[in-house]
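Here's the structure, in structure tokens; my notes come after.
The values are calculated or read from the model by the stated rules, or taken from the named source; none is laboratory data. It should be emphasised that the depicted structure is a prediction, and the values quoted were computed from it without experimental measurement. Cβ coordinates were reconstructed from backbone atoms using ideal geometry, including for glycine residues, and neighbour counts include every protein chain displayed. For accessibility, only protein heavy atoms count, side chains too; no ligands or nucleic acids. Shrake-Rupley method; radii C 1.70, N 1.55, O 1.52, S 1.80 Å.
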Amino acid sequence: MAVIFEPTKALLDVPTHYCPGCTHGIIHRLVGEALEELGILDRTVGVAPVGCAVLAYDYFACDMHEAAHGRAPAVATGIKRALPDNIVFTYQGDGDLAAIGTAEIVHAAARGEKITTIFVNNAIYGMTGGQMAPTTLPGQVTETSPYGRNIETQGYPVRVSEMISTLDGAVYVERVSVDTPGNVFKAKKAIKKAFELQTKGAGFTMVEVLSICPTNWGLSPVEALKWLRDNMIPYYPLGVKKDTIGEVK
Amino acid sequence: MAEKVLMKGNEAIGEAAIHAGCQCFFGYPITPQTEVAAYMARKMPKIGRVFLQAESEVAAINMVYGAAGSGVRVMTSSSSPGISLKAEGISYIAGAELPCVIVNIVRGGPGLGSIQPAQSDYFQATKGGGHGDYRLVVFAPSSVQEMVDLIQDAFDVADIYRNPVMVMGDGMLGQMMEPVEFKERPKREIPSKDSWAATGLHGRKQHHVINSLYLQPEKLEEHNKKLSKKYAEIEKNEVRYETYNCEGEVDLVVAAYGTVSRIVKNAIKILEKEGIKVGLIRPITLWPFPKKAFEEVTGRTKHGFISVELSEGQMVEDVMLSVKGRKPVYFYGRSGGMVPTPAEIAGRIRAIVGGEK
């Protein structure tokens with residue numbers, strides 16, 4: 001009997017702790033499939049963040065490090081410099097990467113660290129229960145912006161991909177979304193390309209994935225996907241922000 | 001074929017680390033230790049090893065975490081305010097049981113303090129610094145030569161116990177020049193890192209995870225008990241100290257470490273001429289603290305002990321814990337970058353022995 005679909009070998013066969021409807025599961029699978037299809041699982045080391053994906057080290061089948069909050073790009077730098085033949089990735093949320101870890105991500109990109117960052121942006125702190133993130137949209141209600149994010153007092157959201165794209169060390173930056181099957185396929189293509197560029201020894205690569213948080217947004221998964229489309233994509237436009245290499249040969 | 005060379009303390013630290021097989025160095029400039037990074041920047045690339053200047057001390061210690069978890073020998077160095085920033089990472093490194101060497105060339109504090117020599121990071125080094133139940137092995141050299149020897153030993157101790165080791169010198173040790181020899185150190189058995197290092201699977205079935213998170217209370221307690229057992233082993237096996245002039249009956253015993261111990265030795269010589277016999281206990285490991293050295297001499301010291309430090313009184317608490325109230329424990333300290341003279345220390349000791357408390 002022909003197998004037309006099976007779980008990726010890059011993910012362990014264990015239950016995850018993610019909430020029902022959360023898109024982390026899809027993003028994990030896309031990363032796993034990319035590692036498996038490129039045949040690099042055996043020499044990949046991942047770095048998990050602090051946040052909803054904190055336990056990602058229990059889910060990926062490759063060797064993993066668990067980093068302190070925001071420090072994953074620095075940890076990944078240490079790994080890559082120590083063992084440069086390995087493929088190294090960080091998997092980080094928006095609180096981890098765009099708030100407490102801003103210095104680490106900016107400088108890893110500026111140095112052109114030959115690592116890949118998967119940046120999951122769901123516009124909120126998920127694990128701690130729905131507080132305002134640097135990526136929370138103007139007017140968005142969270143536990144710590146209960147009257148809606150007020151740009152007068154709480155400032156503006158950070159468009160990380162656009163910011164990282166200005167750095168010469170970053171060779172490939174793309175923002176994708178996992179709100180529709182079509183976008184999931186595009187996300188997969190971007191993630192695979194980022195890892196493939198790393199295998200060629202290119203510089204820093206990052207894929208920002210717009211993601212949903214039904215639990216803390218207070219929406220059903222279907223409503224959350226619609227909210228992402230209607231609110232996040234206009235503020236965080238999808239597409240390639242930087243590509244200095246082009247097609248991977 | 002050891003040959004004596006004249007070297008600045010900070011540069012000798014770098015060379016000693018290279019001799020010990022340090023593969024990666026991650027640093028950040030801060031006075032008075034910057035020459036360590038500058039030396040590594042010159043030397044490491046030439047021998048195919050890694051030097052990287054991080055964007056902060058926070059990043060540097062997390063790079064250390066990544067490299068240590070990858071199974072290579074790795075070092076970072078800094079000075080007091082920088083060590084405060086590294087404290088988070090040090091706690092994670094201890095929690096994840098990773099071996100590494102951290103150098104602290106101590107300057108005056110608190111806050112931005114000064115850039116002059118001090119010993120006011122004793123509490124931070126020996127009592128925590130970062131959060132949680134962990135211990136840092138702390139070596140305190142008193143000369144550039146000893147610093148060279150201890151840097152090399154620190155890598156071994158770190159690997160044997162899978163624990164971070166700090167080499168702590170006051171600012172003077174980093175800046176002074178002394179003749180040094182890069183001797184072959186006693187060979188110790190270093191356990192393989194194959195069973196835990198996250199090197200990439202490369203055919204291995206079970207993935208390796210470098211981690212300090214244990215969400216179940218039972219598991220974290222079990223982990224902490226395991227760490228405690230390891231720390232007890234370190235306390236049993238790794239205590240180092242020097243005693244000087246402590247034989248027979250003594251009038252007073254001084255506790256001092258680092259460069260201060262050298263000044264104290266001169267004070268002891270001044271007092272010897274006056275018929276006052278003063279001993280010295282010089283802890284070489286600040287943790288584990290050489291409690292037994294104090295126990296051994298407690299019955300023979302007439303006026304008790306005095307801790308002399310470049311601080312407002314930190315090691316003195318460990319001296320008190322070791323003496324357990326059986327004899328008086330005095331303190332004399334200068335801080336903020338001030339360094340006492342032998343005559344000044346002798347004066348304080350003379351006063352105690354003469355009955356002035």
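So the values come out like this:
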item	result
Helices (runs of 4 or more DSSP H) wholly inside the range A:150-245 containing at least 2 residues that are within 19 Å of A:Tyr91 (Cα to Cα)	A:160-165, A:181-199
Lone unmet requirement of (1) at the interface with another protein chain (Cβ under 10 Å from one of its Cβ atoms); (2) closer than 15 Å to A:Ser161 by Cα for A:Ala98	(1)
Failed item, numbered, when A:Glu247 is tested on (1) touching a Lys or Arg at 6+ places or on another chain (Cβ under 8 Å); (2) at pLDDT below 95	(1)
Count of the range B:208-225 residues which are surrounded by 12 or more Cβ atoms within 10 Å (Cβ to Cβ) and under 16 Å from A:Tyr57 (Cα atoms)	7
Within the range A:20-45, tally of residues that are of a type outside the set (Val, Ile, Thr), at the interface with chain B (Cβ under 9 Å from one of its Cβ atoms) and open to solvent by less than 40 Å² (accessible area, probe 1.4 Å)	1
Within the range A:75-94, tally of residues that are open to solvent by less than 10 Å² (accessible area, probe 1.4 Å) and either under 19 Å from B:Ile61 (Cα atoms) or among the polar types (S, T, N, Q) (or both)	10
Filter result for A:Ser161 (out of contact with any helix residue (DSSP H, G or I) (no Cβ under 7 Å at 6 or more places or on another chain) and surrounded by 21 or more Cβ atoms within 10 Å (Cβ to Cβ))	yes
Verdict on B:Ile160 being more than 25 Å from A:Asp58 (Cβ to Cβ) and more than 19 Å from the chain's Cα centre (by Cα)	no
Single unsatisfied condition, A:Tyr147 versus (1) open to solvent by 10 Å² or more (accessible area, probe 1.4 Å); (2) aromatic (Phe, Trp, Tyr); (3) not in a loop (DSSP other than H, G, I, E, B)	(3)
Residue within the range B:93-103 that is surrounded by fewer than 24 Cβ atoms within 10 Å (Cβ to Cβ), under 26 Å from B:Leu310 (Cα atoms) and not charged (D, E, K, R) present	no
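Matching residues to (1) free of Cβ contacts under 8 Å to residues at least 60 places away in the same chain; (2) surrounded by fewer than 24 Cβ atoms within 10 Å (Cβ to Cβ); (3) among the acidic types (Asp, Glu):
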position	(1), (2), (3)
A:Thr166	yes, yes, no
A:Ser177	no, no, no
A:Thr180	yes, yes, no
A:Val184	no, yes, no
A:Ala187	no, no, no
A:Ile191	no, no, no
A:Lys200	yes, yes, no
